[in-house]
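The values are calculated or read from the model by the stated rules, or taken from the named source; none is laboratory data. Everything numeric here is computed off the predicted structure, so don't read it as measured data. Counting neighbours? That spans all protein chains shown, and the Cβs are built from the backbone with ideal geometry, glycine included. For the accessible areas, the whole protein counts, side chains as well, though only heavy atoms, and no ligand, DNA or RNA atoms are used. Shrake-Rupley method; radii C 1.70, N 1.55, O 1.52, S 1.80 Å.
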Amino acid sequence: MNDLDFLRLGAVDIAAAVRSGELSAAEVTAAALRRIAEVDDGVRAFADVWRDAAHADARRVDAAVRRGGRPPLAGVPIGVKATEGRSSEQSRRLLAAGCVPVGATATPGPGTPWRTWGLTDRGPTRNPWLPDRSPGGSSAGSAVAVATRMVPLATGNDGAGSVRIPAAWCGVVGLKPTTGRLPARDRAGLNVGGPLVRHAADAAAWLAAVAGPSTPRPATARARITWSATLGFATPEPAVAAVAEAASRALTGRLGLTPVDRPVRLRDPAPAWTALRSPAAEPRPPHPPHPPRTVNDR
């Protein structure tokens, strides 16, 4: 496999080629590692590269295919969000589906209150399109690794945009699954795993491998949709809002949704988000005798 072939292929293409014997997981993994060595110093998407473990995983996938196995994501090299690692539920399911983790992708460190930069020992993760701009976060390195074609798929997790924001800012596809499809990572049930990919078909393949098939529900009423550029508090750039509104109108017609002309007025979540993420908002372990509980302890 030459490196140009690797750059062209998505996760679904790679898996099909490995299952058929046209490619081996070892070949694809070697191509991904070469691409990382060539590109990553410029963008710093990876906090750590797992070369030895990746080669070992690739050999296991190839052995499984030779025995007649047909893993749905056979031989697909992936970046793994550093805060998840190989032991998360998402990572375990992707390994079972035949993926080959090649490294830990960068996440924010201290001093990033909105969690929009990845931190590495070589400096911050760079946006691949505009190096002086943020790549978004907190799945920063995962989005950059996919955008620069170091891997066709990388993992993230999303509670308030940590997959969707870097996907948008780096020009790739990000998916936050519907609440309840996957085990949540937080007590509120909002933070769930999600993929960053270049092709929608690869996001669908990730969902099938990690969440399993869904049961279609019969439509009981025509879904309704409303559009708001500001949500009642934001001030987006007019050009960006115009592109998003055009996409919304196109999807509304294509999916047969019913547009509803209704103003959207939400409160700006920034103060609440900042307060909840402050050190004072962290749960405090009780010590006997139990002191009176404060607002921040509830």
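Between Arg67, Arg19, Arg86, Arg59, which is among the charged types (D, E, K, R) and closer than 28 Å to Pro135 by Cα?
Arg86
If we scan the stretch 228-247, do we find a residue that is in contact with a strand residue (DSSP E or B) (Cβ under 7 Å, 6 or more places away or on another chain), surrounded by 13 or more Cβ atoms within 10 Å (Cβ to Cβ), outside any loop (DSSP other than H, G, I, E, B) and not acidic (Asp, Glu)?
The answer is no; no qualifying residue exists.
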Hey, does the stretch 75-82 have a residue that's of a type in the set (Lys, Arg) and either open to solvent by 10 Å² or more (accessible area, probe 1.4 Å) or not assigned by the TED database to the domain that holds Ser24 (or both)? no
Could you identify the single residue in Gly159, Gly194, Gly189 that is closer than 16 Å to Val80 by Cβ and out of contact with any helix residue (DSSP H, G or I) (no Cβ under 7 Å at 6 or more places or on another chain)? Gly194
Examine the stretch 189-202 for a residue that is surrounded by 10 or more Cβ atoms within 10 Å (Cβ to Cβ), out of contact with any strand residue (DSSP E or B) (no Cβ under 8 Å at 6 or more places or on another chain) and outside any loop (DSSP other than H, G, I, E, B), and state whether such a residue exists. yes
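Results for (1) in contact with a strand residue (DSSP E or B) (Cβ under 8 Å, 6 or more places away or on another chain); (2) more than 24 Å from Gly136 (Cα to Cα), shown as yes or no for each residue.
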| position | (1), (2) |
| --- | --- |
| Arg66 | no, yes |
| Gly69 | no, yes |
| Pro77 | yes, no |
| Val80 | yes, no |
| Gly85 | yes, no |
| Leu95 | yes, yes |
| Thr107 | yes, no |
The stretch 145-167, subset in contact with a Gly (Cβ under 7 Å, 6 or more places away or on another chain) and part of a helix (DSSP H, G or I), residue surrounded by the fewest Cβ atoms within 10 Å (Cβ to Cβ): Arg164
Could you grab me the full set of residues in the stretch 61-74 that are in a helix (DSSP H, G or I) and surrounded by 14 or more Cβ atoms within 10 Å (Cβ to Cβ)? Val61, Asp62, Ala64, Val65
Would you check if Ala56 is without any contact (Cβ under 8 Å) to a residue 12 or more places away in the chain, out of contact with any helix residue (DSSP H, G or I) (no Cβ under 6 Å at 6 or more places or on another chain) and either open to solvent by 20 Å² or more (accessible area, probe 1.4 Å) or closer than 20 Å to Ser138 by Cα (or both)? yes
Considering (1) assigned by the TED database to the domain that holds Pro128; (2) farther than 30 Å from Asp41 by Cβ; (3) at pLDDT 95 or above, say which one Ala239 fails and leave the rest. (1)
How many residues does the stretch 1-51 contain that are farther than 18 Å from Ser142 by Cβ, basic (Lys, Arg) and outside any helix (DSSP H, G or I)? 0
Within the stretch 221-231, is there a residue that is under 17 Å from the mean Cα position of the chain (by Cα) and either of a type in the set (Ser, Thr, Tyr) or within 19 Å of Pro269 (Cβ to Cβ) (or both)? no
Candidates Arg222, Arg185 - the one that is among the basic types (Lys, Arg), more than 29 Å from Pro259 (Cβ to Cβ) and open to solvent by 30 Å² or more (accessible area, probe 1.4 Å): Arg185
Quick one: Thr112 ticks every box in (1) touching a strand residue (DSSP E or B) at 6+ places or on another chain (Cβ under 8 Å); (2) among the polar types (S, T, N, Q); (3) modelled with pLDDT of 95 or more except a single one, so which number is it? (3)
Which is open to solvent by 60 Å² or more (accessible area, probe 1.4 Å), part of a loop (DSSP other than H, G, I, E, B) and in contact with a Lys or Arg (Cβ under 7 Å, 6 or more places away or on another chain), of Arg86, Arg133, Arg115, Arg126? Arg126
Of residues in the stretch 34-53 being crowded, with 20+ Cβ neighbours inside 10 Å and not acidic (Asp, Glu), the one farthest from Thr148 (Cα to Cα): Ala47
